[in-house]
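The values are calculated or read from the model by the stated rules, or taken from the named source; none is laboratory data. Bear in mind that the values here come from a model prediction, so they are computed numbers and not experimental data. Here the Cβ positions follow ideal geometry from the backbone for every residue, glycine too, while neighbour counts run over all protein chains shown. Side chains are part of the model used for accessible areas, which takes the heavy atoms of the whole protein and leaves out ligands, DNA and RNA. Shrake-Rupley method; radii C 1.70, N 1.55, O 1.52, S 1.80 Å.
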Amino acid sequence: SPSAFVPVTDACCPWHTGSAWCNFRSAFRRATGHESTAPYESLDATAALRLFSAPKYATAIFRLIYCTLSCTGALILFRSADFWPIYVGGKPTSSTKNCWDLSGTIAIGSLDSDFDHMNVALRFFFLAQASYQVHSLFFHIVSMILLLTYGRKKDGAIVSMKSSMRSYLRPLVEHFITLCLIFGAYIFSGLRRLGAVVMFTLEFSSIFLQILQICINSPDNSILRRPRVISVVHRYVVLPIFIYCRFLVFPKFWYSAAFESEEWLDQIEKAFMPGSALVLYIFFNGLIMLIFGLNLVFFRRLLFHPLLNEMASQKMNVSRSRSFCQ
């Protein structure tokens, strides 16, 4: 029960609304990983760490299920389309150049030409993507608000504020940029097709990132928690797929948006006011470059993950101890 970890006193409830509110607040904070460290002073470091791993484990499972279903659905719907390239599971003759068919402009009235009969499927795909991104964005916003509101000790110092805010700020920025890309790309039929390929590529690599998170935050007695399993998943599965999707395939989409869309942008310029094509070009290519920059940040963290570094250090210390004993 919540009272087993958090003593119910008037001091823990700033509004003096009673023990029911204290219990609910403590349970909610603990479920989202925001419980103050003070109630866990009686626990050893390992027990406290495992307690905080539970919400991360559950979140990783949810994201794994979503990304798997999303990528599977995208392959079923679009792998035979002319704009779905071979390096993401499409046909050998498909190319991102086909995203920029001049018969499709914007999704207003008759100007949105369904030149490849994919508009209906793309709209449902974008709706699902937007729903997930909005859900994740508000989850991080609410979590940061709870951290700011309740993450304090009795002396008023914020508990783990720097590290906690950083852990939420990076995905918060990523979700916000992705939402801007989704809403903007949905309006234009050409960008809608390229955006679907981009989101599939990012989510395909996310599948294996979530598998790594599940392994790291699994229960201690689970086979997934073994250091050798985590090391193999990290080195031989997650890193290669991350590099392929986000550093080899992803730049091809930037090239398509930057160079293959030239004639399409000329059409947009004629349909709207002068300079509108330049605004779109800067906006969408800027978002793509921001996502690529975030990929570099995520890759650095993936290479120097604290737990993986700790596991490597422990392994080295064990090897040195055995050598010393011999």
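Of E310, E263, E203, the order by accessible heavy-atom surface (1.4 Å probe, DNA, RNA and ligands excluded), from most exposed downward, is E263, E310, E203. Here Y57 sits with roughly 70 square angstrom of accessible surface, probe radius 1.4 Å.
Binning the C-alpha pair distances of region 260-312 at 10 Å intervals from 0 yields a P(r) profile of 22, 28, 18, 15, 11, 5 %, listed from the shortest bin outward.
Of the peptides 191-198, 64-71, the order by per-residue mean of other Cβ atoms within 10 Å, starting with the highest, comes out as 191-198, 64-71.
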